[in-house]
Amino acid sequence: MTVPKRIGKIRFGLISPQEFRKMSVVKIITADTYDDDGFPIEMGLMDPRLGVIDPGLRCRSCGGRPGECPGHFGHIDLIAPVIHVGFAKLIRKVLRAICRDCSRLMMKDNEKKMYLEQIQTLEKLGQMTDDTVNKVFAEARKNKTCPYCGAPQQEIKFERPLSYIEEGHKLTASDIRDRFEKVPDEDIQVMGMNPGTARPEWMILTVLPVPPVTMRPSITLESGQRSEDDLTHKLVDIIRINQRFQENREAGAPQLIIEDLWELLQYHVTTFLDNTVSGVPPARHRSGRPLKTLSQRLKGKEGRFRGSLSGKRVNFSARTVISPDPNLSIGEVGVPMDIAMELSVPMIANVRNKEIVKTFVRRGPDRHPGVNYVTRPDQRRVKVTDKNCEEVAEQIDIGWKIDRQLADGDIVLFNRQPSLHRMSIMSHRVKVMPYKTFRLNPAVCPPYNADFDGDEMNMHVPQTEEARAEAEILMRVQENILSPRFGGPIIGGIHDYVTGSFLLTHRRKPIDRRSAMELLKKFDIPELPEPEGIVDGEPYWTGKQIFSLILPKGLNLAFKADFCYNCDVCKNEDCENDAYVVIEDGKLLMGTIDAEAVGAFKGKITDRIIKEYERSVASEFLDRMTRLALRGIMHAGFSFGIDDEDIPKAAADQIEETTRTAREKTQQLIEAYNAGELEPLPGRTLDETLEMRIMQTLGKARDTAGKIAGRHLGLDNSGVVMAVSGARGSMLNLTQMAACVGQQSVRGERIKRGYAGRTLPHFRCGDLGAEAHGFVESSYKDGLNPTEFFFHAIGGREGLVDTAIRTSQSGYLQRRLVNALQDLEVKYDGTVKETRGMIVQFKYGEDGVDASRRDYASADNVKRIIKNVLKKESV
Amino acid sequence: MTKFTVKDHDMVPEHVLLTPEESAAVLAEFGIEAPQLPKIHVTDPAAKEIEAKVGDIIKIMRKSPTAKQSIFYRLVID
């Protein structure tokens, strides 16, 4: 291990021409690269002193071999100075702030002193000086004459990308450089620059550094032809123009030609630095492809920072579409055969497994748990083929390494982006399966936030024993059932699992022997319990009894189910809705299993099991629960169709009546408002009061309509079953489908935008009525009329925009938070420290509690513990 | 505006200046050097009030909804 080094200071500045020459190992004068024999030409772009890329050669500057030698810079002396594009804007600012004659910053001495002091204080405090510096530039620009030499100033026009025009003449780069050279050091400081590290004239290039060959290697094509890097191409252009420029100038060519060449040199240097400057046509390759020059290498998603430094590529990984398979355990992942035969796990032959290893090799690469490669003890890799597998298998001895194909039971990491929390990467056991998708139990969708509308997931195969041990001990699905976010189970039943449990356990529907056996046929339960009763000489069981069979023995629990109506007085055990769940000694005595009991994010039963038993018991329970719930939903039969949104004529009339009265009441409110009889609410204007009262009235109307519809939709309605059990949707969704969609809103208010004084031309100006401002009286089933539809689209669009903005904003927020906190660590003494050992918290979270390991400290829990303990004593 | 003592305010947790012995005990307890502690400026109103000097350690006792009281130490810097 290398000793970690602390960075004391980072200094940014401009490089001076002197420094460019100092760090250069060779002056490049010829545009040629290699001679006819393929040897690099001296003082050419591939000069051997710039570093080595060809294996076997040594660097002429440092003597290093390829890989050791980092490469060395060369330089090109430009015949005439050119502007560095990156500084075009700053050059403009400085140019306008200094005198055209004496080059002093055009500002009185006392002002300079004041700004300088401000900048120095800000720097001492480590704060941004940008604002102050910009103020300096703005102040200095205001002067029409220089306060020092009195020379009148001219407006300098800046024309994108690189021309500065004064009095109708274009300033040449040398003119600008001459002016900048005369700026005194004190003035440079006031402009926020450090004259020691960044003089303004260094923004104009006179010497161009030539990057080492190691960062622009040429590739030899199969045909033996050399293909040069884009940067080399660009450098060739620069040198050619530079030479032509020199020849022409020495020959005394006309000014026009000189200027043209100068412009051309400027163009080539500009595109060498940045090939996407607006206003400059990008330099192109012979094929027409734009060249990838310096700033293109760094910028953007595939650039050096985001693509190469923050982003990495890995081997031993796979990615494909996911699909559900409820027959898998929650800790398993179904891997397509094609992927299993490509990925491998290393195995080293030893005394014990030598024969097993041989049998794997003998299978070859084409019969599934086979071998793709073997590595001999001398590190030579041999590809195993159908032909040589027998032969290779015979050679296998202790110390040989084989790359065994992925097989059932191997441990792999499974991941779905965005990886927002630690449960986004969990380890699963492989189950090799046919077809082309990854299969997973739908109960593990919540931690990954996955669904099956085309989601893809990644799989990684750990290659060392250490990695496998970590994956198994820390990252298994079982270890991650409880979320550290809220301390409850994040894995659990969703959708049909919840519906299925609900249908199975609600009330005491009799289930005959045959059905009971069918429900349980996936489980190794040898005997049915005592039947609940006998009807017509046939014994029958209940769903509650069946569900009890998958609960661990000794489990005691009582809680209110998700569909509890929150009655004023809870009757607890005597609940007539079957909404109070009591489990004693692993027997479901009463109550209905719904989202509150087994659902993801809630799951009281899962939570209890995990905290009282081992994690494996909990995962076993989830496996059985998912299977039983699916049997349960199939046993009952479940579907939702358009006629599930039907309500009887009488109810429809009643709803019609409700909305009509609401409309009338709104009209009355408006009349009262117009007559000036409306009393304003405290702290509100009259207009606001009216709006609020109308919103209230219409809101109440929808609720009433919903209640009426709800009365006619009972538990025989699949929509109600889903809403009530917490599987999917809410009663509000059902209300909107069956009874009345209700008021559409934008920013919490009725819809007001549109034409002057009205929302649509269908209404009168100033109409404040319900339907003119987005009250949708129809239900989705009945269909919306055109104006209603339009208002609904307005409200719907707002919702979409909101979600789009929320996700991007909260994503960025989370990213910044995680970046700031990622290196913090909870030490064994309970303190939170960062990498330098600085204390952040003296006790993790003030109380030192791991949210996923705590058991809610409530009186209820104390009672339960006492009950548990006393019972055990009495037995 | 009348001047008021910051430490009497409801939202300001109790700040106590530690003696050198107590300071040494705190550092020993956590096995750290003084600069590894969180910092507080001498100019901080609460630090001023208890007349803390640069290099002193201040013990802050905060109310916590989960742990009743949480104790925090800060090194006084300028």
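Here A:E259 clears all of (1) within 18 Å of A:P161 (Cα to Cα); (2) in contact (Cβ under 8 Å) with a residue 40 or more places away in the chain; (3) assigned to a helix (DSSP H, G or I) except the condition numbered (2). From the list A:S103, A:S61, the one residue that fits, being of a type in the set (S, T, Y), over 20 Å from A:L205 (Cβ atoms), touching a Lys or Arg at 6+ places or on another chain (Cβ under 7 Å) and outside the structural domain of A:T270 (by TED's automatic domain parsing), is A:S61.
Here are A:G845, A:G830: which of them is at the interface with chain B (Cβ under 9 Å from one of its Cβ atoms) and at positive phi?
A:G845
Consider region A:572-605 and keep the residues that are acidic (D, E) and in contact (Cβ under 8 Å) with a residue 40 or more places away in the chain. The one that is nearest to A:D855 (Cα to Cα) is A:E596.
Looking across region A:63-79, the residues that are closer than 13 Å to A:V26 by Cβ and in a loop (DSSP other than H, G, I, E, B) come down to A:G71, A:H72, A:F73. For region A:782-805, the condition of being on the phi < 0 side of the Ramachandran plot, more than 27 Å from the chain's Cα centre (by Cα), within 14 Å of another protein chain (Cβ to nearest Cβ) and among the polar types (S, T, N, Q) holds for none of the residues. Counting only strands (runs of 3 or more DSSP E) that sit wholly inside chain B, those with at least 1 residues that are within 10 Å of chain A (Cβ to nearest Cβ) are B:39-41, B:57-64, B:68-77.
Taking (1) loosely packed, with under 11 Cβ neighbours inside 10 Å; (2) under 25 Å from A:R836 (Cβ atoms) in turn, B:D8 satisfies each apart from (2). Looking across region A:636-651, the residues that are surrounded by fewer than 20 Cβ atoms within 10 Å (Cβ to Cβ) and assigned to a helix (DSSP H, G or I) come down to A:A636, A:I642, A:D643, A:D644, A:K649, A:A650, A:A651.
Residues of region A:783-798 that are in a loop (DSSP other than H, G, I, E, B) and either among the aromatic types (F, W, Y) or surrounded by fewer than 16 Cβ atoms within 10 Å (Cβ to Cβ) (or both): A:G783, A:N785.
Return the residues of region A:561-578 that are part of a loop (DSSP other than H, G, I, E, B) and farther than 22 Å from A:G603 by Cβ; say none if nothing qualifies.
Going through region A:561-578, the residues part of a loop (DSSP other than H, G, I, E, B) turn out to be A:561-571, A:575-578.
If the condition is that a residue be part of a loop (DSSP other than H, G, I, E, B) and farther than 22 Å from A:G603 by Cβ, then A:C567, A:D568, A:V569, A:K571, A:E576 are the ones that fit.
Restricted to region B:26-78, and to residues there that are small (G, A, S) and in contact (Cβ under 8 Å) with a residue 40 or more places away in the chain, the residue that is farthest from B:M11 (Cα to Cα) is B:A34. On the basis of being modelled with pLDDT under 90 and not aliphatic (A, V, I, L, M), does A:F502 make the cut? Judged against the criteria, A:F502 is not a match.
Quick check, is B:S70 farther than 28 Å from A:R854 by Cβ and buried (at least 17 other Cβ atoms within 10 Å of the Cβ)? First the steps, then the outcome.
Details: farther than 28 Å from A:R854 by Cβ: no; buried (at least 17 other Cβ atoms within 10 Å of the Cβ): yes.
So B:S70 does not fit the description; no.
Of all residues in region A:690-713, none satisfies being β-branched (V, I, T) and within 35 Å of the chain's Cα centre (by Cα).
The values are calculated or read from the model by the stated rules, or taken from the named source; none is laboratory data. This one's a predicted model, so the numbers in the text were calculated from it and none came from an experiment. Positions of Cβ are backbone-derived with ideal geometry, glycine not excepted, and every protein chain shown enters the neighbour counts.
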